[in-house]
Amino acid sequence: MPQSLSELSPASTRILFVRHGQIQANVDKRWHGWTDSSLTSTGQQQASRAGKHLKRRHPKIAAIYASPLERTRHTAQAIGDALSLDIQIAEGLKEYGIGEWEGVRFEELRDQHKFFDRLKQDPNFAPKDGESMNDVSSRALDSVTTLAKKHRGETIVAVSHGAAMALILANLLHQDPYEWGRYFFENTGITELHVGDKTTLIDFNDTSHLDDLQI
């Protein structure tokens, strides 16, 4: 992580994306999607540390937004407690919902259901009761664009999810959702984007606040 804050253009918004803290599905390597669950004890520690880290690193954060799911709300609340800010819900930041396949292990999604192969063939493919890659890209980008316009010249936190954030970065930085495979986020990893007329990636998946945490 750089020792000094990167300069922010008045026409841009600094968005600090934070993946939620650990949940049991992360430990079990299952796609959790829209399913709700609490943070593990490790996840709670991660969230608390992320909040303290952000307070030290970015003392002038204007707002905290979170996906409506429990794991992101609880992570955002820990950050909000550190920053003395209330959290606001941004529906578009929620995770990629895969309907009837939620809770399935990634290995099974890949080998048995051919989920990732189907996505490569058709970005409009959606499992039963789930979303397509294009669905997620559209609503997540709408949410980020709205927040960026609202907070121009300011710094905000957006607590979201691994797949949703990967699609946000793929679309903003490459204009191609299929680039999402470039981006894997650790639990409470912090990614800094400057969003304005163009989008600039300043820092990716900073986990320095977790260096001495036993996981």
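The HN-Hα couplings worked out from phi for the range 60-72 by the Karplus form 6.51 cos²θ - 1.76 cosθ + 1.60 (θ = phi - 60°) are 10, 5, 8, 6, 10, 10, 9, 4, x, 6, 4, 5, 7 Hz, whole numbers, x standing for Gly and Pro.
Taken along the Cα-to-beta-carbon direction at a fixed 7 Å, the label points for A11 and D122 span 4.1 nm.
For the range 152-165, putting each phi into the Karplus relation 6.51 cos²θ - 1.76 cosθ + 1.60 with θ = phi - 60° gives couplings of 4, x, 10, 10, 10, 10, 10, 9, 9, 10, x, 5, 4, 5 Hz, in residue order, rounded to whole numbers and with x for Gly and Pro. As a length-normalised measure over Cα pairs under 8 Å and 6 or more apart, the relative contact order of the chain settles at 31 percent.
Distant-in-sequence amide contacts of G97, defined by a placed amide H-H separation under 5 Å and a gap of 5 or more residues or a different chain, comprise E131.
Let me have the relative contact order for the range 3-45, percent, based on Cα pairs under 8 Å that are six or more residues apart.
Details: 21 pairs, mean separation 17.0, N = 43.
Dividing the mean separation by the residue count of the range 3-45 yields 39 percent.
Most simply put, the chain has about 45% antiparallel DSSP beta bridges, counting only bridges with both residues inside it.
In the structure shown, do any of K94/K128; K52/K120; K29/K150 have a Cα-Cα gap over 30 Å, and if so which?
Values: K94/K128 18 Å; K52/K120 39 Å; K29/K150 36 Å.
Those over the limit are K52/K120; K29/K150.
Note the listed values (i) 17.2, 58; (ii) 16.5, 49; (iii) 17.3, 53, then indicate which one is Rg and Dmax of the Cα atoms in Å calculated from this particular structure. It is the value labelled (ii). Descending by average beta-carbon neighbour count within 10 Å, the peptides 74-85, 106-117, 53-64, 37-48 line up as 74-85, 37-48, 53-64, 106-117, the highest first.
Which order do peptides 205-211, 20-26 fall in by mean Cβ count within 10 Å, highest first?
20-26, 205-211
With Cα atoms defining each centre, the range 136-215 and the range 1-67 are spaced 10 Å apart in the structure.
Fully extending the segment from V27 to F106, taken as 0.36 nm per residue of separation minus the present Cα-Cα distance, adds 27.3 nm.
Throughout, read-outs are computed from the coordinates displayed, never taken from laboratory work. Note that this is a predicted model, so its numbers are computed, not measured. Every residue, glycine as well, gets a Cβ built from its backbone with ideal geometry; the counts of neighbours run over all protein chains shown.
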